[in-house]
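The values are calculated or read from the model by the stated rules, or taken from the named source; none is laboratory data. What you are looking at is a predicted structure, and each value in this text was computed from that prediction instead of being measured. Note: ideal-geometry Cβ built from the backbone for every residue, glycine included; neighbour counts use all protein chains shown. Areas reflect the complete protein model, heavy atoms only, side chains present, ligands, DNA and RNA absent. Shrake-Rupley method; radii C 1.70, N 1.55, O 1.52, S 1.80 Å.
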Amino acid sequence: MTEVATTTTTSEEIATKQEPLLQSRRSLYVGGLAEDVTEPTIRAAMIPFGPIKSIDMPMDYEKGKHKGFCFIEFEYSEDAAEAIYNMDGSELSGRTLNVNLAQPNQQHKLGSSYKAVWSTDEWFQEQAGVESEEQMEKKKLDAQDASALKEKAPIMASGR
């Protein structure tokens, strides 16, 4: 006789597998914030929709103010959906809010490899003003193209 292996998946295992998906649906991007809006103001505006897990307001440290947007993470995705439905296009401190689901970090899609920019010699050469062989070759070809165009320009101008 052959034994058939059966596997059962508990609701906890299903919840664990869905966690990243649900987490992304709980995080909101809120744009269009006025300069006078603070974290307590955002919390007061969003708390009617459900418990808030965290609020992140990126700061522009040169200006000493926030950058005009924030990220809010709700405890439950249904609360985040309600906040989007009710707050997108609404007004706060005289500015219209843009409320959407937060998008995941897009750096990995752009080919970035989470390395420091100075981990390669190219960054140091660029900062020092040293040109690579490729850059010098490109400049040489650009100069040849420019001179060829200059030679053709009088011919084209006299043809009219």
Region 41-64, residues that are in contact with a strand residue (DSSP E or B) (Cβ under 9 Å, 6 or more places away or on another chain) and either open to solvent by 90 Å² or more (accessible area, probe 1.4 Å) or assigned to a helix (DSSP H, G or I) (or both) | 41, 42, 43, 45, 46, 49, 53
Residue that is most open to solvent (accessible area, probe 1.4 Å), among those in region 65-81 that are in a helix (DSSP H, G or I) and of a type in the set (Asp, Glu) = 78
So which residues in region 102-118 are modelled with pLDDT of 70 or more and of a type in the set (Gly, Ala, Ser), if there are any at all?
-> 102, 116
Tell me, please, whether a residue that is at pLDDT below 95, more than 30 Å from residue 37 (Cα to Cα), aliphatic (A, V, I, L, M) and under 31 Å from the mean Cα position of the chain (by Cα) can be found in region 150-160.
-> no
State which residue is surrounded by the fewest Cβ atoms within 10 Å (Cβ to Cβ) when the search covers only region 16-40 and only residues that are farther than 14 Å from residue 93 by Cα and at pLDDT 90 or above.
-> 29
Residue in region 81-101 that is closer than 23 Å to residue 27 by Cβ and at pLDDT below 90 present | no
